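Have a look at the structure below before the remarks.
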Amino acid sequence: MSVAHWRNSYKPVKFFFMDVRVGVVVVLTLLHVAWWTILLDLVVIGLGYYIERIGLGFPSACRAVRAWFAGSYRPALPYWKIRRKVDFEHRRLAWQPAREGGVQTLKEVRKDA
């Protein structure tokens with residue numbers, strides 16, 4: 001009977017009692033010991049402890065913050081790849097002035113406006 005290796009157990013990596021990503025900040029503080037870096041450590045440790053207490057891991061907390069900043073509208077394409085509506089068959093009426101040539105783009109109609 002073989003015992004599974006620790007990396008196959010899907011348990012989060014811990015540095016003492018905290019997530020290893022918080023431990024990285026503590027180790028970096030050892031390179032520059034000052035009052036503000038120690039205070040930064042305490043804030044990061046407290047934040048990491050709070051995140052673990054509410055049941056989130058570090059990656060899921062990052063996703064939650066990203067979703068909070070992005071809002072509820074998440075398009076499938078980036079803004080510059082979204083195709084706009086184009087009217088290729090625009091024909092002016094007799095009393096309308098002629099527009100300069102080229103393709104005419106239409107403005108989106110929104111219900112709120």
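Computed values, structure above
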read-out	value
Nitroxide proxy distance, nm - points 7 Å out along Cα→Cβ at V24 and R63	1.9 nm
Inter-label distance for W95 and R74, nm, one decimal - labels placed 7 Å from Cα along Cα-to-Cβ	5.1 nm
Lys/Arg +1, Asp/Glu -1 at C-beta; the chain dipole; positive extreme among L93, P12, F69	L93
Chymotrypsin sites (Phe, Trp or Tyr not before Pro) restricted to segment 1-62 and DSSP loop, no more than 11 other C-beta within 10 Å	Y10, F16, F17
Linear extension gain, D112 paired with I38, 0.36 nm per residue minus alpha-carbon span	21.6 nm
Mean accessible surface per residue for the chain, computed with a 1.4 Å probe while every protein chain stays in place, in Å²	99 Å²
Peptides 21-27, 72-78 ordered by average Cβ neighbours within 10 Å, highest first	21-27, 72-78
Mean projection area, nm², convex hull over Cα of the chain	17.5 nm²
Tilt relative to the chain, helix 20-29 - C-alpha long axis, 0 to 90 degrees, to 10	80 degrees
Carbon + sulfur, % of accessible area of the chain - ligands and nucleic acids excluded, 1.4 Å	64 percent
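The values are calculated or read from the model by the stated rules, or taken from the named source; none is laboratory data. Quick caveat: nothing in here was measured; it's all calculated off a predicted structure. Note that each Cβ is placed from the backbone with ideal geometry, even for glycine, and that neighbours are counted across all protein chains shown. Ligands, DNA and RNA are stripped out before the accessible areas are found, and what is left, the full protein with its side chains, is counted by its heavy atoms. Shrake-Rupley method; radii C 1.70, N 1.55, O 1.52, S 1.80 Å.
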